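The values are calculated or read from the model by the stated rules, or taken from the named source; none is laboratory data. Because the structure is a prediction, the values reported are computed rather than measured. Note: ideal-geometry Cβ built from the backbone for every residue, glycine included; neighbour counts use all protein chains shown. We work out accessible area using only protein heavy atoms, side chains counted, and drop any ligands, DNA or RNA first. Shrake-Rupley method; radii C 1.70, N 1.55, O 1.52, S 1.80 Å.
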Amino acid sequence: MTQEELIKRINELKRAKNAIILAHNYELGEIQDIADFCGDSLELSIKAANTDNDLIVFCGVRFMAETAKMLSPDKKVILPVAHATCEMAEMIDGEQLRAIKKEYPNSITVAYVNSTAETKAECDLCVTSSNALKIIASLPKDKHVIFVPDRNLGSYCKEQTNHSNMYLYDGFCPVHDRLTVEVLKKRKAEFPNAEVLIHPESRKELVELADHALSTGKILTYVRESDKKEFIIVTEIGILHRLEKENPDKKFIPISCEAVCPHMKLIRLENVLEALEKEENEIILDKEIMEKAAKPIRAMLDLSK
Ligand code: SF4
(Lines give C-alpha, C1' and ligand atoms only; values in the text may rest on other atoms or scores of the structure.)
Protein backbone atom coordinates (compact mmCIF):
# COMPACT_ATOMS: atom_id res chain seq x y z
CA MET A 1 0.00 0.00 0.00
CA THR A 2 1.34 3.47 -0.78
CA GLN A 3 1.43 6.15 1.92
CA GLU A 4 -1.58 7.88 0.30
CA GLU A 5 -3.56 4.64 0.30
CA LEU A 6 -2.66 4.00 3.94
CA ILE A 7 -3.82 7.48 4.95
CA LYS A 8 -7.04 7.14 2.92
CA ARG A 9 -7.86 3.80 4.57
CA ILE A 10 -7.04 5.16 8.04
CA ASN A 11 -9.41 8.08 7.51
CA GLU A 12 -12.20 5.83 6.20
CA LEU A 13 -11.95 3.48 9.17
CA LYS A 14 -11.68 6.35 11.60
CA ARG A 15 -14.98 7.76 10.35
CA ALA A 16 -16.68 4.36 10.20
CA LYS A 17 -15.69 3.52 13.78
CA ASN A 18 -16.14 6.97 15.30
CA ALA A 19 -12.46 6.89 16.31
CA ILE A 20 -10.06 9.66 17.27
CA ILE A 21 -6.28 9.53 16.79
CA LEU A 22 -4.24 11.31 19.46
CA ALA A 23 -0.48 11.79 19.07
CA HIS A 24 2.23 13.08 21.36
CA ASN A 25 4.54 15.83 20.09
CA TYR A 26 7.47 13.38 20.05
CA GLU A 27 5.85 10.95 17.60
CA LEU A 28 7.12 10.55 14.04
CA GLY A 29 6.04 13.31 11.63
CA GLU A 30 3.90 10.91 9.58
CA ILE A 31 1.89 10.08 12.73
CA GLN A 32 1.55 13.70 13.86
CA ASP A 33 0.28 14.57 10.37
CA ILE A 34 -2.61 12.08 10.42
CA ALA A 35 -3.57 12.65 14.07
CA ASP A 36 -6.76 14.50 14.94
CA PHE A 37 -4.94 16.11 17.80
CA CYS A 38 -1.25 16.46 18.75
CA GLY A 39 -0.12 17.70 22.10
CA ASP A 40 1.83 17.31 25.31
CA SER A 41 0.72 15.07 28.19
CA LEU A 42 -1.62 17.64 29.74
CA GLU A 43 -3.28 18.55 26.43
CA LEU A 44 -3.73 14.89 25.56
CA SER A 45 -5.18 14.13 29.02
CA ILE A 46 -7.71 16.93 28.61
CA LYS A 47 -8.58 15.78 25.10
CA ALA A 48 -9.00 12.20 26.28
CA ALA A 49 -11.28 13.36 29.11
CA ASN A 50 -13.51 15.33 26.76
CA THR A 51 -13.76 13.17 23.68
CA ASP A 52 -17.05 11.50 22.76
CA ASN A 53 -15.49 9.11 20.27
CA ASP A 54 -16.03 5.38 20.86
CA LEU A 55 -12.46 4.43 20.04
CA ILE A 56 -9.23 6.24 20.99
CA VAL A 57 -6.11 5.27 19.05
CA PHE A 58 -3.32 6.63 21.22
CA CYS A 59 -0.01 7.25 19.46
CA GLY A 60 2.40 7.69 22.31
CA VAL A 61 3.72 5.46 25.07
CA ARG A 62 1.83 3.18 27.44
CA PHE A 63 1.35 5.55 30.40
CA MET A 64 -0.33 8.07 28.11
CA ALA A 65 -2.78 5.52 26.72
CA GLU A 66 -3.42 4.32 30.29
CA THR A 67 -4.20 7.90 31.32
CA ALA A 68 -6.67 8.18 28.43
CA LYS A 69 -8.32 4.94 29.57
CA MET A 70 -8.60 6.15 33.18
CA LEU A 71 -10.31 9.32 32.01
CA SER A 72 -12.57 7.50 29.54
CA PRO A 73 -13.16 4.11 31.19
CA ASP A 74 -16.11 3.27 28.94
CA LYS A 75 -14.17 3.86 25.74
CA LYS A 76 -11.89 1.48 23.95
CA VAL A 77 -8.30 2.78 24.03
CA ILE A 78 -5.69 1.20 21.78
CA LEU A 79 -1.92 1.64 21.88
CA PRO A 80 -0.92 0.67 18.31
CA VAL A 81 2.43 -0.81 19.42
CA ALA A 82 2.00 -2.66 22.72
CA HIS A 83 5.65 -2.42 23.78
CA ALA A 84 5.89 1.38 23.42
CA THR A 85 6.69 2.25 27.03
CA CYS A 86 8.41 5.07 28.93
CA GLU A 87 11.72 4.12 30.51
CA MET A 88 11.30 6.71 33.25
CA ALA A 89 7.79 5.48 34.14
CA GLU A 90 9.16 1.96 34.55
CA MET A 91 11.78 3.13 37.09
CA ILE A 92 9.33 2.91 40.00
CA ASP A 93 6.40 0.64 40.80
CA GLY A 94 3.62 0.61 43.37
CA GLU A 95 5.56 -1.49 45.85
CA GLN A 96 8.59 0.82 45.83
CA LEU A 97 6.35 3.83 46.28
CA ARG A 98 4.48 2.21 49.18
CA ALA A 99 7.85 1.69 50.93
CA ILE A 100 8.75 5.38 50.48
CA LYS A 101 5.34 6.43 51.81
CA LYS A 102 5.97 4.35 54.92
CA GLU A 103 9.25 6.18 55.45
CA TYR A 104 7.56 9.59 55.08
CA PRO A 105 4.05 9.21 56.54
CA ASN A 106 1.60 12.11 56.20
CA SER A 107 3.22 13.34 53.01
CA ILE A 108 1.43 14.53 49.89
CA THR A 109 2.44 12.08 47.19
CA VAL A 110 2.81 13.60 43.74
CA ALA A 111 3.46 11.65 40.55
CA TYR A 112 4.68 13.13 37.33
CA VAL A 113 2.16 11.87 34.78
CA ASN A 114 5.01 9.87 33.20
CA SER A 115 4.35 7.01 35.61
CA THR A 116 2.48 3.71 35.50
CA ALA A 117 -1.14 3.30 36.58
CA GLU A 118 0.07 1.30 39.57
CA THR A 119 2.29 4.21 40.70
CA LYS A 120 -0.46 6.78 40.14
CA ALA A 121 -2.85 4.66 42.20
CA GLU A 122 -0.62 5.35 45.24
CA CYS A 123 -0.66 9.14 44.76
CA ASP A 124 -2.69 12.15 45.82
CA LEU A 125 -1.90 14.27 42.79
CA CYS A 126 -0.45 14.06 39.32
CA VAL A 127 1.40 16.82 37.48
CA THR A 128 2.64 17.29 33.94
CA SER A 129 5.68 19.33 32.92
CA SER A 130 3.23 22.02 31.90
CA ASN A 131 1.46 22.46 35.24
CA ALA A 132 4.00 21.06 37.77
CA LEU A 133 5.21 24.46 39.01
CA LYS A 134 1.70 25.82 39.50
CA ILE A 135 0.54 22.70 41.34
CA ILE A 136 3.60 22.31 43.59
CA ALA A 137 3.46 26.04 44.41
CA SER A 138 -0.15 25.60 45.55
CA LEU A 139 0.75 22.94 48.14
CA PRO A 140 1.15 24.01 51.78
CA LYS A 141 4.83 24.69 52.50
CA ASP A 142 4.69 22.91 55.86
CA LYS A 143 3.51 19.69 54.23
CA HIS A 144 6.14 17.14 53.20
CA VAL A 145 5.92 16.16 49.52
CA ILE A 146 7.04 12.91 47.90
CA PHE A 147 7.74 13.51 44.20
CA VAL A 148 8.15 10.59 41.77
CA PRO A 149 9.67 9.52 39.43
CA ASP A 150 11.62 12.37 37.76
CA ARG A 151 14.44 13.81 39.89
CA ASN A 152 15.09 16.55 37.32
CA LEU A 153 11.54 17.89 37.10
CA GLY A 154 11.26 17.43 40.87
CA SER A 155 14.37 19.44 41.67
CA TYR A 156 13.30 22.15 39.19
CA CYS A 157 9.94 22.47 41.00
CA LYS A 158 11.59 22.36 44.42
CA GLU A 159 13.93 25.18 43.53
CA GLN A 160 11.45 27.36 41.65
CA THR A 161 8.73 27.11 44.29
CA ASN A 162 11.02 27.15 47.37
CA HIS A 163 9.25 24.03 48.58
CA SER A 164 12.24 22.66 50.46
CA ASN A 165 10.19 19.99 52.18
CA MET A 166 10.37 17.54 49.27
CA TYR A 167 11.64 14.00 48.77
CA LEU A 168 12.73 13.38 45.18
CA TYR A 169 12.81 9.88 43.77
CA ASP A 170 15.92 9.12 41.74
CA GLY A 171 14.25 8.42 38.37
CA PHE A 172 14.99 10.23 35.13
CA CYS A 173 14.27 10.34 31.43
CA PRO A 174 17.31 8.80 29.72
CA VAL A 175 16.77 10.93 26.61
CA HIS A 176 16.97 14.24 28.50
CA ASP A 177 19.26 13.18 31.32
CA ARG A 178 22.14 12.21 29.03
CA LEU A 179 22.33 15.66 27.41
CA THR A 180 25.45 17.45 28.56
CA VAL A 181 26.45 21.02 29.35
CA GLU A 182 29.30 20.72 26.82
CA VAL A 183 26.91 19.94 23.97
CA LEU A 184 24.64 22.84 24.93
CA LYS A 185 27.55 25.28 25.25
CA LYS A 186 28.79 24.20 21.82
CA ARG A 187 25.34 24.78 20.31
CA LYS A 188 25.12 28.21 21.95
CA ALA A 189 28.55 29.15 20.56
CA GLU A 190 27.50 28.01 17.08
CA PHE A 191 24.20 29.93 17.21
CA PRO A 192 24.81 32.91 19.54
CA ASN A 193 21.56 34.65 18.54
CA ALA A 194 19.33 31.67 19.19
CA GLU A 195 17.07 31.49 22.24
CA VAL A 196 17.43 28.27 24.22
CA LEU A 197 14.17 26.50 25.09
CA ILE A 198 14.57 23.48 27.33
CA HIS A 199 12.31 20.78 28.71
CA PRO A 200 12.53 20.57 32.54
CA GLU A 201 13.23 16.82 32.37
CA SER A 202 16.78 17.97 31.55
CA ARG A 203 19.50 18.29 34.18
CA LYS A 204 19.67 21.40 36.36
CA GLU A 205 23.06 22.48 34.90
CA LEU A 206 21.47 22.65 31.45
CA VAL A 207 18.28 24.35 32.61
CA GLU A 208 20.45 27.09 34.14
CA LEU A 209 22.02 27.77 30.73
CA ALA A 210 18.65 28.02 28.96
CA ASP A 211 16.42 31.04 28.43
CA HIS A 212 13.16 29.25 29.25
CA ALA A 213 12.20 25.86 30.72
CA LEU A 214 8.92 24.77 29.10
CA SER A 215 6.78 21.71 28.39
CA THR A 216 6.52 20.73 24.72
CA GLY A 217 3.09 22.35 24.50
CA LYS A 218 4.46 25.59 25.95
CA ILE A 219 7.51 25.50 23.65
CA LEU A 220 5.09 25.46 20.69
CA THR A 221 3.08 28.37 22.08
CA TYR A 222 6.16 30.38 23.03
CA VAL A 223 7.72 30.04 19.56
CA ARG A 224 4.44 30.92 17.83
CA GLU A 225 4.18 34.16 19.81
CA SER A 226 7.87 35.11 19.76
CA ASP A 227 9.49 37.70 17.45
CA LYS A 228 12.77 35.77 17.63
CA LYS A 229 13.87 33.83 14.57
CA GLU A 230 16.26 31.18 15.92
CA PHE A 231 15.79 28.63 18.69
CA ILE A 232 17.92 25.87 20.16
CA ILE A 233 15.49 23.17 21.21
CA VAL A 234 16.61 21.08 24.16
CA THR A 235 14.20 18.16 24.16
CA GLU A 236 13.30 15.11 22.08
CA ILE A 237 13.72 15.94 18.40
CA GLY A 238 10.20 14.84 17.39
CA ILE A 239 8.91 18.27 18.36
CA LEU A 240 10.87 19.88 15.53
CA HIS A 241 8.40 18.47 13.00
CA ARG A 242 5.55 20.59 14.34
CA LEU A 243 7.75 23.60 15.14
CA GLU A 244 8.99 23.72 11.54
CA LYS A 245 5.55 23.08 10.07
CA GLU A 246 3.91 25.83 12.12
CA ASN A 247 6.75 28.37 11.82
CA PRO A 248 8.26 28.14 8.33
CA ASP A 249 10.01 31.51 8.75
CA LYS A 250 11.90 30.43 11.91
CA LYS A 251 14.96 28.27 12.41
CA PHE A 252 15.17 25.40 14.90
CA ILE A 253 18.40 23.81 16.03
CA PRO A 254 18.09 20.47 17.83
CA ILE A 255 20.33 20.13 20.85
CA SER A 256 21.57 16.82 19.45
CA CYS A 257 20.47 14.38 16.78
CA GLU A 258 20.78 11.75 19.51
CA ALA A 259 17.95 13.25 21.55
CA VAL A 260 15.60 10.54 20.33
CA CYS A 261 13.22 8.45 22.41
CA PRO A 262 13.15 5.06 20.67
CA HIS A 263 9.76 4.22 22.16
CA MET A 264 8.21 7.36 20.66
CA LYS A 265 9.36 6.27 17.21
CA LEU A 266 7.81 2.79 17.17
CA ILE A 267 4.39 3.64 15.76
CA ARG A 268 4.13 3.83 11.96
CA LEU A 269 1.13 4.38 9.70
CA GLU A 270 0.83 0.61 9.21
CA ASN A 271 0.42 0.17 12.98
CA VAL A 272 -2.32 2.83 13.12
CA LEU A 273 -4.19 1.14 10.28
CA GLU A 274 -3.84 -2.24 11.97
CA ALA A 275 -5.08 -0.76 15.24
CA LEU A 276 -8.19 0.54 13.50
CA GLU A 277 -8.75 -2.69 11.57
CA LYS A 278 -8.15 -5.28 14.27
CA GLU A 279 -8.64 -3.23 17.46
CA GLU A 280 -5.92 -5.23 19.19
CA ASN A 281 -3.55 -3.99 21.93
CA GLU A 282 -6.43 -2.55 23.90
CA ILE A 283 -5.52 -0.95 27.24
CA ILE A 284 -7.09 -3.08 29.96
CA LEU A 285 -6.54 -1.98 33.54
CA ASP A 286 -7.46 -3.58 36.81
CA LYS A 287 -10.71 -1.87 37.87
CA GLU A 288 -9.49 -0.93 41.36
CA ILE A 289 -6.14 0.41 40.11
CA MET A 290 -7.92 2.36 37.38
CA GLU A 291 -10.32 4.02 39.82
CA LYS A 292 -7.55 4.84 42.29
CA ALA A 293 -5.20 6.14 39.58
CA ALA A 294 -7.88 8.32 37.99
CA LYS A 295 -8.27 10.33 41.23
CA PRO A 296 -4.87 12.10 41.18
CA ILE A 297 -5.31 12.80 37.47
CA ARG A 298 -8.72 14.34 38.02
CA ALA A 299 -7.32 16.33 40.96
CA MET A 300 -4.62 17.63 38.61
CA LEU A 301 -7.15 18.59 35.94
CA ASP A 302 -9.21 20.49 38.54
CA LEU A 303 -6.11 22.37 39.77
CA SER A 304 -5.06 23.15 36.18
CA LYS A 305 -8.29 25.01 35.35
S1 SF4 B 1 11.22 10.91 26.13
FE2 SF4 B 1 11.76 10.18 28.19
S3 SF4 B 1 9.98 10.65 29.44
FE4 SF4 B 1 9.32 10.75 27.29
S5 SF4 B 1 8.55 8.69 26.85
FE6 SF4 B 1 10.71 8.72 26.24
S7 SF4 B 1 11.76 7.94 28.08
FE8 SF4 B 1 9.72 8.54 28.74
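Please list 20-32, 83-95 highest first by mean number of surrounding beta-carbon atoms within 10 Å per residue.
On the way: 20-32: 22.6, 83-95: 18.9.
The peptides rank, most packed first, as 20-32, 83-95.
Electrostatic bookkeeping for residue 193 treats Lys and Arg as +1 and Asp and Glu as -1; over the other residues with beta carbon under 9 Å from its beta carbon, the sum is 0. Of the residues 176, 259, 209, the one whose Cα sits farthest toward the positive end of the charge dipole of the chain, with +1 on the Cβ of Lys and Arg and -1 on the Cβ of Asp and Glu, is 209. With the charge dipole of the chain set up from +1 on Lys and Arg Cβ and -1 on Asp and Glu Cβ about the Cα centre, the Cα lying farthest toward the positive end among the listed residues 42, 167, 116 is that of 167. Rounded to the nearest 20, the size of the Cβ-charge dipole of the chain about its Cα centre is 640 debye, with Lys and Arg at +1 and Asp and Glu at -1.
Across the accessible surface of region 1-83, with the other protein chains kept in place and a 1.4 Å probe, carbon and sulfur atoms take up 47 percent.
Work out the P(r) tail for the chain: percent of alpha carbon pairs separated by more than 36 Å, whole number. Distances greater than 36 Å cover 16 percent of the Cα pairs. Computed over region 220-290, the quotient of the alpha carbon radius of gyration and 2.2 N^0.38 Å is 1.58.
Could you estimate the translational diffusion coefficient of region 180-305 from the Stokes-Einstein equation, with Rh from the Kirkwood formula over C-alpha pairs, at 25 °C and 0.890 mPa s, in whole µm²/s?
On the way: Rh = 17.3 Å.
In µm²/s, the coefficient rounds to 142.
Placing +1 on the Cβ of every Lys and Arg and -1 on the Cβ of every Asp and Glu, with nothing else charged, gives region 175-260 a dipole about its Cα centre of roughly 80 debye. Taken per residue, the accessible surface of region 1-157 reaches 37 Å², heavy atoms only and a 1.4 Å probe. Expressed as a whole percent, the accessible area of region 88-232 that falls on carbon and sulfur atoms is 48 (1.4 Å probe). Excluding ligands, DNA and RNA, the accessible surface per residue across region 175-260 is 47 Å² with a 1.4 Å probe.
Between the listed residues 25, 294, 139, the Cα displaced farthest toward the positive end of the dipole of the chain, a dipole computed from Cβ unit charges relative to the Cα centre, is found at 139.
Of all DSSP bridge pairs formed entirely within the chain, close to 5 percent run antiparallel. Between 292, 158, 250, the GNM of the chain built on Cα springs shorter than 10 angstrom shows 250 fluctuating the most. Would you mind counting up the charge near residue 303? Only other residues with Cβ under 13 Å from its Cβ, with Lys and Arg at +1 and Asp and Glu at -1. Here the count lands on +2.
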